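Each remark here refers to the structure printed beneath this line.
The values are calculated or read from the model by the stated rules, or taken from the named source; none is laboratory data. Computed from a predicted model, the values in this text were never measured in an experiment. Note: ideal-geometry Cβ built from the backbone for every residue, glycine included; neighbour counts use all protein chains shown.
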Amino acid sequence: MTSAPAPTRGVRRPLSLQTRLMATVIGIVALILAAVAVGTSAILGGILQQNLDNKVRDVTAGVLQRGLPAPSLTTGTMLAFRTLQDSRNQPGFLLVVRAPGGIPDGAYVDDEGDVRQLTARQVQQVVASLQQSPSSTAAVDALGAYRVRAYTVGNTYDLAAGLPLSEVNTTIAQILTTVLLVTLGGLLLLAAAIAVVIRRGLRPLRAVAATATRVAALPMAQGEVLIAERVPADQVDEHSEIGRVGAALNTLLDHVGASLQARQHNEERMRSFVADASHELRTPLASIRGYSELSLRDPSLNENTSQALERIQAQSLRMTALVEDLLLLARLDEGQELVVGTVDLTQLVLEAVGDARPAGTDHRWVVDVPEDPVVIAGDAGRLHQVAANLLANARTHTPAGTEVTATVTREGASAVLRVHDDGPGIDPSVAAELFERFARADRSRARQTGGTGLGLSIARAIVQAHNGTLTVRSSPGDTTFEVRLPARPTTPGQ
C-alpha cells in the first residue's frame, strides 16, 4: 500500500473575495487620505514657515528702528546682548551681530524675557546656516531649530535674526495627529460599512455556492435522481450580475434534472425490455434444446446431422445462460431475486472452493478461513454464485500452476472475502471497465474458455444488493478481488 502524501507546508490559503474587496477599498482610501494628509501638512508647513519669516522680518525691523549701540572698548563685541537688553523683544528671539572687522557675537531672549549670551559654537551654527541662502533653518545647540534671516545695516553691521520653529512644529504635529486619528476613525467606519455592503452584495453568490455544494453531494451516477435544490427566489435577480448567476444555475439544474429523468426513464425502459425479452426467450430456447436432445436420440441420424444438432444444442445452452444472466441483472436492478437469511460465509467459501477444485486441477487452491463462523445476512445462493464466479474467473484467466487463495476475515463490522491469485494480472487499460456488462479481459490474461462477459457485473450487482462492495487490486503476480459485506454482531452463543 502506498502511504498518503505529506501535507504541503507553507502554502497560504487564498483570501476570500469579501476580504480582498475590503482590503483593496480600504487600502486605496487609506493611501488617498495619507497623501492628502502629507500634502496638507506640507502646504500648511510652508504657510506657517512663511508667516514665521514675516514675523522675523517684523521683529528685526523693530530692533533696527531703535538702532544699534556703537561698539566701545568697555563693552567689547557684546553688541547683540546690549541690543536685546535695550529693547523689549518676544521670548525666543535670537540675534547675531558682527561689527566691521570684529568677531560676531549673539544673544537670545529666553522664555522668561531675560537676555542670554550665545556661545561661540551656537553663533557659528547660525552663521554657517546662512552661507548658502539669506534665509534658512539653523539647528542651534540647546535651543533647537530656528528660522533665521541675514540682514546688512549700511556698511556697519551684519545681522542674523531668527525665531524658533517649535511653534510651527507643534502646530504641524497637532494637525498630523488630528488627521491620523480622524483617518483611523474614518477607516474603521468605512470598513464596517463596506463589510455590510459587500456581505449583502455577495449573499446571492453564497446562496449559489451553497446550492451547488448540496447538488454536488447528490448521488447522480445511477438510479433515480431528483434535483430539488434551487437558489432561493429572493437571491435571484435578473437585473444584477450575481443575481443572474443564480438564475443561470437554476436554469442549468432544471435542464440537468430533466436530462437525468429522461436517462432514468430510458434505463427503466431498457431494463423492462431486457427482462421481458429474456423472459420470452426462455421458452423458445428450452424448446430448441428439448427438440435437439430428442432428435439426437434418433439412431437413424447420419453423422453430419448429429453434429449439426449437437452444435444447435450447445449454442442453445450458451444462449440460455446469457438470457438467464440478463434476466438476473434486470431483476437485481429492480431489487428482486434476493431471499435473505443467515449465511455462514466461511462454510460458503469452503463449499465454493470444493466445487472449483475439480474444474481446475492444474491450479493450486488454498483456503484461509477462521475457526469461528463469520455470519452475515444475505441470500446464500446468490452469494455462493459470487464466490464461484470469482474463483472461476481466477481459474479461467490464469495459466496452469497458478495459486488461488480464498480468504475470509472479519474486520470490524464487515465480513471480507478475498480471492487472490499470483497470475499475470489485469491490463490497466481494461481494469476500469472490468465490472461493466459484457466487459472482457482477453488482452491481459490467456482466456481458455468463452463467456458472456456478465460474470463480474452480476457479482457486483449481487454484492451491491447486499449493501456491500466489490473491488479489485491488480499488479503482475498479485491480483485480489475483495468482497466486503456487513457482518452480523457476534453473540456469545456463536
Under 6 Å by Cβ, and 6 or more places apart or on different chains, what pairs join a residue from the stretch 248-259 that is farther than 16 Å from PRO204 by Cα with one that is among the β-branched types (Val, Ile, Thr)?
-> LEU253/ILE227; GLY257/ILE227
Within the stretch 456-464, is there a residue that is modelled with pLDDT under 65 and either over 25 Å from LEU345 (Cβ atoms) or in the same structural domain as ARG410 (by TED's automatic domain parsing) (or both)?
-> no
Can you work out which of the residues in the stretch 208-232 that are touching a Gly at 6+ places or on another chain (Cβ under 9 Å) and either among the aliphatic types (A, V, I, L, M) or not assigned by TED's automatic domain parsing to the domain that holds ARG269 (or both) is nearest to ALA461 (Cα to Cα)?
-> VAL225
For the stretch 396-412, pairs from a residue that is surrounded by fewer than 15 Cβ atoms within 10 Å (Cβ to Cβ) to a residue that is not in a loop (DSSP other than H, G, I, E, B), with Cβ under 7 Å and 6 or more apart or across chains, are GLU403/ARG364; GLU403/VAL366; GLU403/ASP421
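Looking at the structure I just gave you, is VAL419 within 42 Å of the chain's Cα centre (by Cα), more than 16 Å from ILE458 (Cα to Cα) and either hydrophobic (A, V, I, L, M, F, W, C) or in a strand (DSSP E or B) (or both)?
On the way: within 42 Å of the chain's Cα centre (by Cα): yes; more than 16 Å from ILE458 (Cα to Cα): yes; either hydrophobic (A, V, I, L, M, F, W, C) or in a strand (DSSP E or B) (or both): yes.
So VAL419 fits the description; yes.
Could you tell me whether LEU253 is farther than 30 Å from GLY27 by Cα, within 25 Å of the chain's Cα centre (by Cα) and not polar (S, T, N, Q)?
Considered against the rule, which asks whether it is farther than 30 Å from GLY27 by Cα, within 25 Å of the chain's Cα centre (by Cα) and not polar (S, T, N, Q), LEU253 comes out as yes.
Can you name every residue in the stretch 231-250 that is closer than 11 Å to ALA212 by Cα and within 24 Å of the chain's Cα centre (by Cα)?
Of everything in the stretch 231-250, those that are closer than 11 Å to ALA212 by Cα and within 24 Å of the chain's Cα centre (by Cα) turn out to be VAL231, GLY246, LEU249.
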Only unsatisfied item for PRO299, checking (1) modelled with pLDDT of 80 or more; (2) outside any helix (DSSP H, G or I), is (1)
Residues located in the stretch 120-152, provided they are within 19 Å of ARG82 (Cβ to Cβ) and loosely packed, with under 14 Cβ neighbours inside 10 Å | ALA120
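Residue-by-condition table, conditions (1) surrounded by 11 or more Cβ atoms within 10 Å (Cβ to Cβ); (2) among the small types (Gly, Ala, Ser); (3) in contact (Cβ under 8 Å) with a residue 24 or more places away in the chain:
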residue	(1), (2), (3)
MET22	yes, no, yes
ALA30	yes, yes, yes
ALA35	no, yes, no
ASP58	no, no, no
